[in-house]
Amino acid sequence: MLVILENINIEAEARGVGVAPSTLRYDLNKIKDVLPDVLANQKPGPKPKNKPDKAVAIATQCEESTLCPLCGGKVRKNGTYWVLNWFLMLTLGWLGIKRVRIQRRRCKDCGEEIVSTERARQVEARKAWWNQVNRLICLCRFKLRVSVRMIQILIKFVYARPISIGHIERLTERAGKSAEAALNRLNNCRQAIARFLLYDETYPKMKKQIYSLGVAICEHGLIRSVRCILSKAKDIKAQLRDVVGEHFQPEYFLTDLDLFFNKYMKDAGLKLRHFRDRVHLIRQIIRLFNDAVRDITLDVPKGLALSMRKKQLKLKRKLLHKRLKQYLYMVFKAFSPGYESVCILTLEGVISQLQDSSCIIQAAGIQKLALRLKRFIKKHGDAINKLLELHVEQGTPTTTNALESKNGIFKPFSRSSKFFSNPKRCQSFFAGVALYENFDIKTRGGNKGTSAMQRAKINLDDFGATNFFSTIGLPKPQISLSKITT
Ligand SMILES: [Zn+2]
């Protein structure tokens with residue numbers, strides 16, 4: 001470096017840049033003196049901490065309001081302070097945390113701080129940011145089945161700012177409680193006439209707790225109630241009693257074959273006609289046929305080897321199964337579309353054929369089957385006739401499929417949720433899921449383009465909200481664009 005410095009033609013260079021040669025020489029000598037210090041290798045110090053990028057956004061408006069609105073005194077500048085730039089975070093969150101410097105202005109006489117435009121803008125942006133983040137959390141929680149920790153990661157990714165697990169959990173609970181209250185309001189809202197109350201229990205995997213979720217919907221597919229069932233007799237009764245109301249007065253109660261539902265319905269003080277789900281009824285008949293095949297007995301001479309005996313039994317079962325198949329086929333036919341008016345007649349025909357010795361050998365098993373079928377018809381015949389009649393005349397449901405598909409929505413939630421140690425929280429969580437589902441506009445299938453709330457024609461004025469988020473108190477942020485973009 002010294003050699004290079006010596007080689008500089010001082011006179012020529014000084015002329016080139018327009019300074020006196022003596023000045024240049026003097027400065028060069030200074031450089032020569034400190035050269036060893038400048039060039040010596042130094043140990044690297046600690047890395048600088050991530051300071052906010054101050055150059056990015058500094059509020060640079062000069063406000064001319066110089067009089068205090070309270071006392072009329074003079075307003076003076078009173079230092080500056082940094083705040084999070086909420087506006088940038090809301091709009092360009094992924095940029096990372098940015099801050100903005102705000103000029104503080106105080107009244108000289110009373111000390112009142114004058115709120116600057118920038119500060120007002122940031123306050124509004126902060127409210128909007130939290131609102132939007134809370135909406136995102138609720139979308140993740142009640143629709144997308146995202147777990148609390150995953151939501152935390154997502155928010156951090158989108159907004160480069162962490163939020164706490166506690167906040168997500170508290171918000172979930174609060175939103176769930178609002179949703180629960182909203183479901184309870186449903187029966188006080190005017191709506192299209194609903195005559196069916198479909199009810200079922202579903203069993204989400206809830207840790208070691210032995211409780212289930214009772215779900216009630218009407219024929220429009222609107223989830224009217226979800227409840228954690230700890231004691232069946234008590235909780236199902238209460239749920240059925242609470243779900244009906246001024247504008248929901250069903251006439252029919254449609255469930256699977258669970259024996260107790262009828263009792264609970266009566267205990268709840270409801271006098272509904274009880275129908276059973278068509279699919280479960282058919283399944284029950286299939287079971288009776290299978291029992292007949294399984295319970296077959298074999299008369300064999302004594303002394304026959306066990307293996308032979310087994311072989312013969314197997315053969316006999318096979319033959320009987322084949323023989324009964326045609327009757328079972330008639331049962332399926334009886335329940336198929338187009339046969340509604342002759343369903344029970346067809347079933348009775350099956351029974352009389354089973355009792356006819358010219359059709360089938362009257363073994364004990366067959367007689368028993370005919371008897372059990374007879375009892376089945378006696379018990380369910382009238383209800384089946386009415387159920388199918390209503391279906392043909394008014395298009396009402398004959399199965400609880402709509403309900404089971406709702407249960408299919410609840411089940412995956414229970415897997416990712418940590419809410420199930422406490423039945424109360426579990427109930428409000430599922431109320432949130434149910435409410436979202438009620439407002440969810442289907443994008444495919446038979447109900448494409450509509451939500452259950454629309455199909456049930458729930459009067460939204462009575463209900464007091466027009467969508468899921470406004471129901472739980474998180475409507476879209478109301479930003480005055482003029483204020484926030486200046
Ligand atoms: Zn003042």
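Each value in this text was obtained by applying a stated rule to the coordinates, not by laboratory testing. Bear in mind the structure is a predicted one, so any value in this text is a computation, not a measurement. Note that we place each Cβ from the backbone using ideal geometry, even for glycine, and neighbour counts take in every protein chain shown.
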* Considering the dipole of the chain built from charges on the beta carbon (Lys and Arg +1, Asp and Glu -1) around the Cα centre, which of CYS189, THR450, VAL148 is farthest to its positive end? -> VAL148
* Asked: Given a Förster distance of 22 angstrom, what is the FRET efficiency for TRP130 paired with ARG104, based on the Cβ-Cβ distance and rounded to 0.05?
  -> 0.35
* Between the helical axis of 117-142 and the dominant principal axis of the chain, each derived from Cα atoms, what acute angle in degrees is found, rounded to the nearest 10? -> 30 degrees
* Asked: To the nearest 20 debye, what is the magnitude of the charge dipole of the chain about its Cα centre, counting +1 on the Cβ of each Lys and Arg and -1 on the Cβ of each Asp and Glu?
  -> 1920 debye
* So if we plug the beta-carbon distance of TYR339 and ASN401 into 1/(1 + (r/R0)^6) with R0 = 25 Å, what FRET efficiency do we get, rounded to 0.05? -> 0.85
* To do: Could you pull out the trypsin sites (Lys or Arg not before Pro) across the range 429-481 that fall in loop regions by DSSP (anything but H, G, I, E, B) with no more than 13 other Cβ atoms inside 10 Å?
  => ARG444, LYS448
* Enter the mean projected area of the convex hull around the alpha-carbon atoms of the chain, in nm², rounded to one decimal. => 48.1 nm²
* In order through the range 181-191: 3J(HN,Hα) via Karplus (6.51 cos²θ - 1.76 cosθ + 1.60), integer Hz, x for Gly, Pro -> 4, 5, 5, 5, 7, 3, 6, 9, 9, 5, 7
* Which value, in debye to the nearest 20, describes the size of the charge dipole of the range 285-438 about its Cα centre when Lys and Arg Cβ atoms bear +1, Asp and Glu Cβ atoms bear -1, and nothing else is charged? -> 1180 debye
* What is the gain in length, in nm to one decimal, between ARG287 and ILE361 on full extension, counting 0.36 nm per residue of separation less the C-alpha to C-alpha distance? -> 24.6 nm
* **On Cα atoms only, tilt of 401-416 relative to the major axis of the chain in degrees** => 40 degrees
* **Residue (of PRO423, PRO44, VAL226) at the positive-pole extreme of the chain, dipole from beta-carbon charges** => PRO423
* If packing is taken as the mean number of other Cβ atoms within 10 Å per residue, what is the order of 352-363, 225-236, highest first? -> 225-236, 352-363
* To do: Go ahead and estimate [θ] at 222 nm for the chain from helices alone: -39,500 (n - 2.57) per DSSP H run with n ≥ 4, summed, over the residue count, rounded to 500.
  => -17000 deg cm²/dmol
* Asked: If you take the beta carbon distance between ARG375 and LYS411 as r and set R0 to 41 Å, what does 1/(1 + (r/R0)^6) give as a FRET efficiency, to the nearest 0.05?
  -> 0.75
* Across LYS302/LYS374; LYS310/LYS374; LYS177/LYS411; LYS234/LYS424; LYS177/LYS448; LYS47/LYS77, pairs whose alpha-carbon gap is larger than 24 Å -> LYS302/LYS374; LYS310/LYS374; LYS177/LYS448; LYS47/LYS77
* Once exposed loop GluC sites (Glu not before Pro) are cut out (DSSP; at most 11 other Cβ, 10 Å), longest piece of the chain -> 247-486
* To the nearest 10 degrees, how steeply does helix 278-294 sit against the main Cα axis of the chain, on a 0 to 90 scale? -> 50 degrees
